[in-house]
Amino acid sequence: MSSRDNEQQPVSAPYPEITAQLTEVVGAENLSSSPVDTIAHAVDFWPRKLMETRAGRWHRGPRWVVWPGAAAEVAHVLRIASTYAIPVIPYGGGSSMVGGASPRGERPWLVINCKRMCNILDMDEGSMVVHVQAGVVGVELEERLNARGFSLGHVPTSMTTATLGGWLSTRSSGMLSSRYGRISDLCLGITAVLPDGQLVHTRVAPRRATGPELMHLLLGAEGTLGIITAAHLRLHRLPLHRQFDSFRFERIDEAAEALRRSITSGVRPLVARIQRDPRLRRSDRDPDAPVPDAAALARRVLLLAFEGPAELVEAERGVVRSHVAELGGEALGQAPARRWWGQRFAAGFRMTPVLVRENSFADYVEAGVTWAGLAGLYRAMEEAFASRGWRTRLVVEHARMEGVSLGCAFWGDAASPQEAVASYDAAWKVAQQVCLAHGGRLGHVYGGGQHRAVLLDEWGKGRLELLTRIKRKLDPAGIMNPGVLGTEP
Ligand SMILES: Cc1cc2nc3c(=O)[nH]c(=O)nc-3n(C[C@H](O)[C@H](O)[C@H](O)COP(=O)(O)OP(=O)(O)OC[C@H]3O[C@@H](n4cnc5c(N)ncnc54)[C@H](O)[C@@H]3O)c2cc1C
């Protein structure tokens with residue numbers, strides 16, 4: 001039976017019986033149907049849903065929230081859910097920006113909150129591998145590793161909220177990805193529970209060449225194929241030395257080219273970002289500040305951080321400086337990059353006060369683009385948004401050999417709640433069209449969720465068909481996060 005059949009013939013589930021069975025597995029103290037818990041799990045960080053809530057639309061929460069303490073309990077809970085065809089949302093920190101972790105429609109949902117599974121199970125300091133449960137919150141894991149002289153090197157802006165399971169399930173990228181890689185680069189093996197309750201372990205080895213790497217089926221699956229309960233992760237030693245540099249360029253083209261030359265010549269900066277000149281911020285906030293001229297508005301700064309043994313850091317800085325000089329960049333010293341570093345967690349949450357304002361709209365487009373298309377996409381995105389009166393802030397980040405992520409925060413005010421949602425949808429449509437026209441690929445960082453599912457033509461129909469076939473095999477009852485990643489709702 002597919003999940004579509006479930007929708008057509010709603011299960012007349014015996015709720016008290018299901019509650020009793022769930023209680024037997026996790027204990028009464030780890031199961032809740034109280035409004036406090038169900039309302040808390042009714043929305044995630046998807047701005048569109050938050051805007052609808054602000055406009056008075058009530059979003060139904062799950063019927064049950066459970067907090068299992070071990071993979072075996074997760075397996076039992078999934079077997080119960082499969083038996084009664086109850087749709088399940090695996091839940092980490094609920095920081096999904098794309099509606100991946102919140103119920104949809106009218107069906108009675110079961111949320112499996114993974115946060116009780118938060119222990120470090122084992123640590124091999126010689127091989128620099130840690131085995132850790134997936135419900136641990138990012139910042140707590142990092143603090144525990146730091147206390148032992150190590151770091152994971154994965155630092156997304158949502159670090160204080162998001163969990164390891166959420167990172168793995170969305171193939172998260174942190175702000176240090178240019179040096180340490182994304183979470184999928186750091187993951188060496190996982191333990192997961194499939195929808196029928198079967199436990200899967202992928203064993204840890206420096207490399208395996210025996211067939212496809214099945215771990216990658218679960219990484220990025222956004223809870224549609226099972227629940228990740230633990231992972232083996234690669235560690236780094238805490239850095240010995242960290243330095244910063246900042247450079248100003250007349251246009252995005254030169255800034256992008258300096259970064260491209262540096263990265264493709266082998267430099268691995270801890271952070272590399274191209275953004276607006278921070279000095280323009282005064283003119284944003286102060287109506288009496290002089291209006292910047294076109295040249296000032298076109299300038300971009302390249303902010304860099306380097307980390308590692310001092311000799312290596314200085315060598316990398318030298319390579320970058322020579323490329324910057326070739327392209328006429330002006331050295332601004334360490335201060336602008338240091339300032340950004342000091343506020344690195346704040347930027348992601350600047351959207352929150354905007355969304356609290358009545359009739360406002362805001363979100364963050366993130367698109368992957370190869371170096372060849374970067375400057376063109378950057379300009380096209382900036383122009384498309386500005387010409388419609390939407391405010392934007394663009395940033396180039398997550399640099400790697402073949403290209404970067406172009407982030408575009410957008411926001412504005414509308415005349416009514418309905419117009420705010422309409423402007424929000426229009427902004428995404430524009431972003432999608434600009435990306436298609438200029439070689440960008442939406443969804444570089446935040447996953448697909450429910451939101452990007454509407455932009456699926458970007459991904460290609462063949463890919464969706466393959467995902468659907470895999471899901472039907474692994475999840476015949478269609479219980480795992482239906483409606484996410486374009487799967488059947
Ligand atoms: C202010 C802000 C800044 C952000 N910055 C970044 C950033 O820098 N980089 C980045 O990559 N993302 C960022 N995000 C997006 C978000 O934090 C990531 O997608 C994160 O990986 C989600 O983790 P979570 O624990 O909150 O997962 P949730 O939001 O709870 O869930 C996300 C998805 O993963 C599934 N899932 C969760 N846990 C499991 C599990 N154990 N097994 C199977 N499926 C599971 C859920 O069902 C859902 O589909 C940001 C979000 C916000 C609000």
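Annotations for the structure displayed:
- For LEU297, the requirement of being open to solvent by less than 60 Å² (accessible area, probe 1.4 Å), in the same structural domain as ARG339 (by TED's automatic domain parsing) and modelled with pLDDT of 85 or more is not met.
- When ALA289 is tested against the conditions (1) out of contact with any strand residue (DSSP E or B) (no Cβ under 7 Å at 6 or more places or on another chain); (2) open to solvent by 30 Å² or more (accessible area, probe 1.4 Å); (3) of a type outside the set (Ser, Thr, Tyr); (4) more than 30 Å from ALA134 (Cβ to Cβ), the lone failure is (2).
- Residue in segment 157-174 that is more than 9 Å from the ligand (Cβ to nearest atom), open to solvent by less than 20 Å² (accessible area, probe 1.4 Å) and not in a helix (DSSP H, G or I) present: no
- Residue in segment 426-451 that is nearest to VAL354 (Cα to Cα), counting only those that are open to solvent by 60 Å² or more (accessible area, probe 1.4 Å) and part of a helix (DSSP H, G or I): LYS429
- Within segment 465-477, if we keep just the residues that are more than 15 Å from the ligand (Cβ to nearest atom) and not in a helix (DSSP H, G or I), the residue that is most open to solvent (accessible area, probe 1.4 Å) turns out to be PRO476.
- Of all residues in segment 190-203, those satisfying the criterion of being open to solvent by less than 80 Å² (accessible area, probe 1.4 Å), out of contact with any Asp or Glu (no Cβ under 9 Å at 6 or more places or on another chain) and in contact (Cβ under 8 Å) with a residue 40 or more places away in the chain are ILE190, THR191, VAL193, GLY197, LEU199.
- Selection of segment 75-106 for residues being within 16 Å of SER169 (Cα to Cα), among the β-branched types (Val, Ile, Thr) and touching a strand residue (DSSP E or B) at 6+ places or on another chain (Cβ under 6 Å) yields VAL88, ILE89.
- Within segment 355-372, tally of residues that are open to solvent by 20 Å² or more (accessible area, probe 1.4 Å) and out of contact with any Leu (no Cβ under 6 Å at 6 or more places or on another chain): 8
- Apart from one condition, HIS131 fits all of (1) in a loop (DSSP other than H, G, I, E, B); (2) open to solvent by 20 Å² or more (accessible area, probe 1.4 Å); the exception is (1).
- Residues (assigned to a loop (DSSP other than H, G, I, E, B) and farther than 22 Å from ALA409 by Cα) located in segment 292-349: ASP293, GLY308, PRO309, LEU327, GLY328, GLY329, GLN334
- If you go through segment 188-219 and pick out every residue that is under 21 Å from SER82 (Cα atoms) and either part of a helix (DSSP H, G or I) or hydroxyl-bearing (Ser, Thr, Tyr) (or both), you end up with 3.
- Restricting segment 136-153 to residues that are in contact (Cβ under 8 Å) with a residue 60 or more places away in the chain and part of a loop (DSSP other than H, G, I, E, B) leaves a set whose member that is farthest from the ligand (Cβ to nearest atom) is GLY149.
- Options ARG48, ARG57, ARG79: the member that is open to solvent by 30 Å² or more (accessible area, probe 1.4 Å), within 26 Å of LEU218 (Cα to Cα) and basic (Lys, Arg): ARG79
- With respect to (1) out of contact with any His (no Cβ under 7 Å at 6 or more places or on another chain); (2) modelled with pLDDT of 95 or more, the lone exception for VAL25 is condition (1).
- Of all residues in segment 86-125, those that are polar (S, T, N, Q) and away from the ligand (no atom under 12 Å from the Cβ) total 1.
- Selection count where residues are buried (at least 19 other Cβ atoms within 10 Å of the Cβ) and in a loop (DSSP other than H, G, I, E, B), scope segment 31-41: 1
- Exactly one residue out of LEU218, LEU214 is farther than 30 Å from VAL324 by Cβ, open to solvent by 10 Å² or more (accessible area, probe 1.4 Å), within 16 Å of the ligand (Cβ to nearest atom) and modelled with pLDDT under 95, and it is LEU214.
The values are calculated or read from the model by the stated rules, or taken from the named source; none is laboratory data. This one's a predicted model, so the numbers in the text were calculated from it and none came from an experiment. Ideal geometry is used to build each Cβ from the backbone, glycine not excepted, and the neighbour counts take in all protein chains shown. Quick note on the areas: whole protein, heavy atoms, side chains included, nothing else; ligands and nucleic acids left out. Shrake-Rupley method; radii C 1.70, N 1.55, O 1.52, S 1.80 Å.
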